[in-house]
Structure formats: structure tokens, C-alpha cells
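J.: The structure follows.
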Amino acid sequence: MSAEFLVAIVYAIVLVATPILLAGLGELVVEKSGVLNLGVEGMMLIGAVTGFAVTSLSGNAYLGVLAAAFAGSAASMIFGFLTLTLSANQVATGLALTIFGGGFSALAGKSFLGKTVPAFTQLFPTELATHPIWRVIFGYSPLVYLSLIMCVGIAWFLKRTRAGLILRAVGENDLSAHSIGYSVIGVRYLAVAFGGAMAGIAGSMFSLVLTPIWAEGLTAGRGWIALALVVFSAWKPYRLLVGAYIFGAVMTLEVHAKAAGGVFSALPSEFWAALPYLATVLVLVIISLRRGSSSGAPACLGRPFIPSA
Amino acid sequence: MTMITRRTILKGGVALAALPALPGIALGQEKLKVGFAYLAVPGDYGWTYAHDQGANDLIAALGDKVEVTKVENVGEAGPNVERVLRELAQQGNKLIFATTFGHMEAAVKVSAEFPDVIFEHCTGYMTGPNLGTYNARFYEGRAVIGTIAGHMSKAGVAGYIASFPIPEVVMGMNAFVLAARKVNPNFVLKAAYLSTWFDPAKEGAQAQAFIDQGCDVITQHTDSPAPVELCERLGIPCFGQASDMAAFGPKMCLTSIVDNWGPHYIKTAEAVIAGTWQPAQPWEGIKDGAVLITPYNDTVPADVQAAADAVKQGQIDGSFHIFTGPIKDKDGNEFVPAGTTLDDGALLSMQTYVEGIEVIE
């Protein structure tokens, strides 16, 4: 196995892992504030189509990503209004957001079918970015570096800042946070908006980096994997990072096993296709066995907050 | 034309509530109501896109004589298929097209319940008094692109992004590698089943894995243009599937195999209107215009274009059939003896991989 081949594998893993990492980080912050937004897939699709449309019209991929973040955020505000202001059921509203996102993105993307967009410019000099070995560090889309910065930033924010402490307090005990004067609903709105923006950026990773095309249902269920990843990570950003890369590794193993044949032929292709999901189940089992009594989930997760109550 | 998407139905009870109102639209009594059940959405740029083009051709050709209803996202299998076909029949459609292999059992069942409705099922093999099938000889197109791949591949290794291990797909990869090995006897085809017809990110990842492992030509039997787009960026020759994908690979998409269902849809609707429809199992190819090969990319050298045209022409005049023996299976045993050609029944139930294919089944 040559070094170039290893680089190719690592490169593929990072690319596959990044969108689920981005969306997972956003959802982690949302859930830390006590809100369960199952609409990640829908917000990703809205981000994907918006990012593609804006890049296609403006020719600037950065503008596309920015627009995708705004669009994801705007979509999450529908969820926010229903669940936070009107105290609607979060699970049902989140599912509705996913279905809405699928339909809306299909409609909005109709005129962009069959088009392609210019790729991102490289961050690093071309000699490094396209070098057969060094591309493993320098050759990625800017969104990959953004996902790593966000991971460190979110870990620091949650653990080391006052605002992060307030966010966690709102998620752990909304009544107490409310009684000492914090706006539970306000904090949750901000968290939901942030989660929407991250899901939007994750979606734009599909339509601008992985497969720079627009097609209906482009994200093909990756939003659900991001949701599973948050549970998998026990709501810890660094563990989410590791989880995303493990998941990316398993998905890359799948395609390489199928391409290689040989010893991998011992198991049928359906097994390789199921492998990422088997891995998810397995890790969840291991985590719940080891974790014992403390689940790691924010105590108020999924519970609507009604101040007068 | 009425457009109902499964998504709209799911999205709210509003669309659902509107459904029973549809039979009420009885403007033209003489209009033939035609229903289409789509696997996915026309926006896939692949299989469903091609059927939708065919449906649009039907509308363009027969105009006021037909009223077309399309149902998107019916899926490949499951209880949904049966429900959609039954709904279409109940809404007064007299001709219903079920457009993917997995719709077969539902088509058989529902056609028995509605004897006065004519059903046609794409790529299946079961018929009834009011149920016909239709298919196109895509393997003819794959023999043409396999010939091009045999000439263009320096490594002699191509990657085939496949969906499910059904006869149609096995036939496609066999035709491709048989044609390529007529040019380069050592040609190897690596094939991978993705267990999906449409997942752009996965199709792209599989194409990347093939390229990382040394394939220098990529072809696909899945529906999204993602592999073509990736190959364009990496400078790897590739072929479009189901619709013309040249827009995604201006330099590297050498040609596309286009499914052209329009003529069949027009012919069938006309036969139903005239009252001459009989259950049949047409299986048309390049000769009949059911399978189109788009113009070759300028990057294909003239001698390669000539070789591809020779294969195309041979299939049109009947002098060449890709499944004429001697053919060995992938373990080296005799599959088709010298001088014999597989008949259509053998083709439609093909489960044997020919020599040169590496695949995890």
C-alpha cells in the first residue's frame, strides 16, 4: 500500500465526515440548550439548494456558504417559532421541518437542475494543495478547516465561557435559569438559529464541494446520521469529532472494499452497505453499557418551557 | 396535466384532501387519462428524468387527446406502490405506466382488480390480459461504450457503479466488459453494488474509490450525475446514464446512453385510443430509437469513434450481437458456446458474470 493511496483514503474520510460533523456540532449546541430539532435533514437540503443557487448566480462559493447558513437559520426559525413561542411538540415539528425542507428545496432547485458551479479556490498554494502527500493536510475545501475550528470553538464556548454556562443551564434546568433571570426562550432561539446555520453550511458542503451539482434529495439521509452522532458523542464536541471521522472511515471502507473485491468478497455487498449503521448501533451499545447511570443528555432535552407554569 | 407528488401529499392533508376531487375533472370525456408511477423524481437527471421526458413527449404529441397524471417518488418497492397504482386506477386513468422493475408484483395484483384499465410495466416479465411490459435494450448501448472504454483505458481497468444485482444490471456490466475485451483481451471491470439507485454523495465516493484503486474509466448504472461531475474534475473518462450528462462532463463524458421512452408512450396511447391495444412485451433497442447514443465527445479519437459506430451499426442491422459465444463466465467455465447467441429469455434472467468482472455480490 503506497503512501499516495493512504493519503487518498484519509482524504476521502475527511470529506465524507465533514458535513455530518458540521451538522452534528450545530445540533449539539441546540440540544445542549434543551431543544431537540429533528429537522436537520430538511435544513441541510435548504442550505444545499441555497448555497448552490447563490454560488451559481454570483460565481462566489463563499457567498454561497454564507447564504446557505442564513437559509438554514431562517428555516430553523420556523421550528423555533412553533416549538419555543407556541410550545408545539418538538419531535413532530422537527419531522415536519425535514419534510418541508425536502419539498421546498426541490421546488427552489428546479431551475438549477443540470447546472454546475465553480469550485472553491484553494486556501493554500497549489503546490501544497495538490501535492500527492501534503494534500492530506493542505488540500481540502475551506469548509473542512471551518468544521475543525468550529469544533474547538464550540468546545471552548460551552466549557469556558459564561454564555456557554448559561446555555447549558437552560438545557439542564430551565426553571432555575428562568428564576435567576435568564431568558430561556431567548437563549433557545439563539441556539436553534445557530444549529440551523450549521446545518445549512453542512448542506452546502454537499452541493458545493462533495458533488457540485443540485439534485433533489442530495443529502440522502446524512442529516439523520448527524443526529445519531450527537447521541453517540454524549453531547461532547471532541467526541463528536472522533465519531464523525469513525463514521467517515466506515463509509470509506465500504466503497473501497467494494472497489477492491478480493478478500472483501467473503462478505456480500449488502453487508458493506449496512456497515456504517451496524457500527453506529455497536458504538451506541458500548457507550450505554459503559456509561451506567449518567446518560449525558441535557435534562430538559425535548421539553417545552412554559414560563407561567 | 395534473401533477401530484408524494411529497406534497405527505406535506399536508391539503393535498390529500384534494385527491378525491380529481375524478371530478371530467371536462373531456373522450380524453384518455394516462397515469405514470415514477420511481423517484424527474430531477434525478437519470431514470425518472427519462420517463418524464417520455411522458412530456406523449403530451406534446397527442395534446388534447390525453390527460396525464404523474406520481413521483413511488419508490422501488413496498406497500406504497400498490396504493399508488390503485389510486391512479380509481381516479379514472385508463392507461397506467408502472416505470420500474420493483413495481411488477403490484402491477400484477392491481391490474387483476381493474380489468378495464390497461397497465404497462417497465422492465418486468409478467403479463396479463390487461398488463403488458416494455423495455429497452440498454445492453446495446453498453456494448458501444464498452468498445470506447476498451480503446481509451490505458490501465485496462474500469469501474462500474452499480445499483442492485438484478438481471438488467448484470446484463449491462457483461455487455460492457465483453465489448471492452474485444478491444483489449485483458480488460478488467470492477463493479460495486451500492444498494441504491440514487445517492449522489455515495456514487461520487464510489467513483473516487475506483479511481484511487487504479481504474481509469468510470461508468455507472445509478442515476445521479455525481460520478460524471467528479470525473470531469479529475480528468477521468466516463459515460452518462439514462439522460445526456454532457453538461456535467463537457470534456470527460465521452457519450451518454439515453433512454428514449417517448415513442413507446405515444404508440401505446394511440393503440389504446384506437382500441387496438394488446398485451405485448416489446423490447426495442438502438435500431428502434428506444436507446440513443449521444454524439461522441471531441476528445474521442476518430478511429475509436469509428469502432464504436461499427458496433452500433452492427446492432442496428443485426449482424452483431454482444452475447454471441464463445463467452466464459467469471470463473472461466463456458457460459455461451461458440456460434450461439443468448435468446431474450436468457438475457432477461441473466445472473452469470462473464470473464473479466470483479464484483462483490
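J.: Could you list, ordered by first residue, the pairs with Cβ atoms under 6 Å in which the first is in the stretch B:213-242 and within 12 Å of chain A (Cβ to nearest Cβ) and farther than 20 Å from B:Phe176 by Cα and the second is among the aliphatic types (A, V, I, L, M) and buried (at least 24 other Cβ atoms within 10 Å of the Cβ), at least 6 apart or interchain?
T.: B:Glu229/A:Ile213; B:Leu230/B:Ala207
J.: Could you grab me the full set of residues in the stretch A:238-270 that are within 9 Å of chain B (Cβ to nearest Cβ), of a type outside the set (A, V, I, L, M, F, W, C) and surrounded by fewer than 18 Cβ atoms within 10 Å (Cβ to Cβ)?
T.: Result: A:Gly261, A:Gly262, A:Ser265, A:Pro268, A:Glu270.
J.: Tell me the residue from A:Ile185, A:Ile149 that is in contact with a Pro (Cβ under 9 Å, 6 or more places away or on another chain) and closer than 30 Å to A:Gly302 by Cα, please.
T.: Selected residue: A:Ile185, the only one of A:Ile185, A:Ile149 that is in contact with a Pro (Cβ under 9 Å, 6 or more places away or on another chain) and closer than 30 Å to A:Gly302 by Cα.
J.: Something else now. For B:Phe248, state whether it is among the aromatic types (Phe, Trp, Tyr), closer than 19 Å to B:Tyr296 by Cβ and within 12 Å of another protein chain (Cβ to nearest Cβ).
T.: Considered against the rule, which asks whether it is among the aromatic types (Phe, Trp, Tyr), closer than 19 Å to B:Tyr296 by Cβ and within 12 Å of another protein chain (Cβ to nearest Cβ), B:Phe248 comes out as yes.
Let's see how each residue does on (1) outside the structural domain of B:Lys202 (by TED's automatic domain parsing); (2) surrounded by 18 or more Cβ atoms within 10 Å (Cβ to Cβ); (3) touching a strand residue (DSSP E or B) at 6+ places or on another chain (Cβ under 7 Å):
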{"position": "B:Asn80", "(1), (2), (3)": "yes, no, no"}
{"position": "B:Leu88", "(1), (2), (3)": "yes, yes, yes"}
{"position": "B:His103", "(1), (2), (3)": "yes, yes, yes"}
{"position": "B:Gly172", "(1), (2), (3)": "no, yes, no"}
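J.: A follow-up question, please. Within the stretch B:160-168, does at least one residue satisfy the condition of being part of a loop (DSSP other than H, G, I, E, B), within 11 Å of chain A (Cβ to nearest Cβ) and either of a type in the set (A, V, I, L, M) or buried (at least 24 other Cβ atoms within 10 Å of the Cβ) (or both)?
T.: No, there is no match, as no residue in the stretch B:160-168 is part of a loop (DSSP other than H, G, I, E, B), within 11 Å of chain A (Cβ to nearest Cβ) and either of a type in the set (A, V, I, L, M) or buried (at least 24 other Cβ atoms within 10 Å of the Cβ) (or both).
J.: Within the stretch A:79-91, does at least one residue satisfy the condition of being free of Cβ contacts under 8 Å to residues at least 60 places away in the same chain and under 15 Å from A:Phe194 (Cβ atoms)?
T.: Checked against the condition, which is being free of Cβ contacts under 8 Å to residues at least 60 places away in the same chain and under 15 Å from A:Phe194 (Cβ atoms), the stretch A:79-91 yields no hits at all.
J.: Take the conditions among the β-branched types (Val, Ile, Thr), away from every other protein chain (no Cβ under 14 Å) and outside any helix (DSSP H, G or I) and apply them to B:Thr133. Does it pass? Give the steps one after another, and end with the answer.
T.: Values: among the β-branched types (Val, Ile, Thr): yes; away from every other protein chain (no Cβ under 14 Å): yes; outside any helix (DSSP H, G or I): yes.
For B:Thr133, the condition - among the β-branched types (Val, Ile, Thr), away from every other protein chain (no Cβ under 14 Å) and outside any helix (DSSP H, G or I) - is met.
J.: If you scan the stretch B:251-281, which residues turn out to be of a type in the set (S, T, N, Q) and either closer than 23 Å to B:Ala61 by Cβ or more than 13 Å from chain A (Cβ to nearest Cβ) (or both)?
T.: Matches in the stretch B:251-281: B:Thr255, B:Asn260, B:Thr268, B:Thr276, B:Gln278, B:Gln281.
J.: Continuing with this model, one more query. Any chance you could count how many residues in the stretch A:1-38 are acidic (Asp, Glu), away from chain B (no Cβ under 14 Å) and either in contact with a Pro (Cβ under 9 Å, 6 or more places away or on another chain) or not in a helix (DSSP H, G or I) (or both)?
T.: 1
J.: State all residues of the stretch A:89-120 that are away from chain B (no Cβ under 11 Å), more than 29 Å from B:Arg233 (Cα to Cα), surrounded by 15 or more Cβ atoms within 10 Å (Cβ to Cβ) and of a type in the set (Gly, Ala, Ser); if no residue qualifies, say none.
T.: A:Gly94 - this is the single residue of the stretch A:89-120 that is away from chain B (no Cβ under 11 Å), more than 29 Å from B:Arg233 (Cα to Cα), surrounded by 15 or more Cβ atoms within 10 Å (Cβ to Cβ) and of a type in the set (Gly, Ala, Ser).
J.: Further question: Can you tell me how many residues in the stretch A:169-188 are buried (at least 19 other Cβ atoms within 10 Å of the Cβ) and charged (D, E, K, R)?
T.: The number of residues fulfilling the criteria is 2.
J.: Please find, among B:Val157, B:Val183, B:Val144, B:Val188, the residue that is modelled with pLDDT of 95 or more and buried (at least 24 other Cβ atoms within 10 Å of the Cβ).
T.: Going through B:Val157, B:Val183, B:Val144, B:Val188 in turn, just one is modelled with pLDDT of 95 or more and buried (at least 24 other Cβ atoms within 10 Å of the Cβ): B:Val144.
J.: Looking at the stretch A:220-236, is at least one residue surrounded by 24 or more Cβ atoms within 10 Å (Cβ to Cβ) and within 9 Å of chain B (Cβ to nearest Cβ)?
T.: Yes, the stretch A:220-236 contains at least one residue that is surrounded by 24 or more Cβ atoms within 10 Å (Cβ to Cβ) and within 9 Å of chain B (Cβ to nearest Cβ).
To keep it simple, each residue is scored yes or no on (1) on the phi > 0 side of the Ramachandran plot; (2) surrounded by fewer than 16 Cβ atoms within 10 Å (Cβ to Cβ).
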{"position": "A:Leu82", "(1), (2)": "no, no"}
{"position": "A:Ser87", "(1), (2)": "yes, yes"}
{"position": "A:Gln122", "(1), (2)": "no, no"}
{"position": "A:His131", "(1), (2)": "no, no"}
{"position": "A:Tyr140", "(1), (2)": "no, no"}
{"position": "A:Gly153", "(1), (2)": "no, yes"}
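J.: Which of the residues that make up the stretch B:213-226 are within 23 Å of A:Val10 (Cα to Cα), modelled with pLDDT of 95 or more and not in a loop (DSSP other than H, G, I, E, B)?
T.: Residues satisfying the conditions are B:Val217, B:Ile218.
J.: Under the condition of being part of a helix (DSSP H, G or I) and polar (S, T, N, Q), which residue from the stretch A:271-293 is nearest to the other protein chains (Cβ to nearest Cβ)?
T.: A:Thr280
J.: Still on this structure, I have one more. State yes or no: is B:Thr341 of a type in the set (S, T, N, Q), outside the structural domain of B:Tyr193 (by TED's automatic domain parsing), free of Cβ contacts under 8 Å to residues at least 40 places away in the same chain and exposed (fewer than 15 other Cβ atoms within 10 Å of the Cβ)?
T.: no
J.: Among (1) surrounded by 24 or more Cβ atoms within 10 Å (Cβ to Cβ); (2) part of a helix (DSSP H, G or I), where does A:Glu216 come up short?
T.: Failing condition for A:Glu216: (2).
The values are calculated or read from the model by the stated rules, or taken from the named source; none is laboratory data. These numbers were taken from a predicted model, which means no experiment stands behind them. Note that each Cβ is placed from the backbone with ideal geometry, even for glycine, and that neighbours are counted across all protein chains shown.
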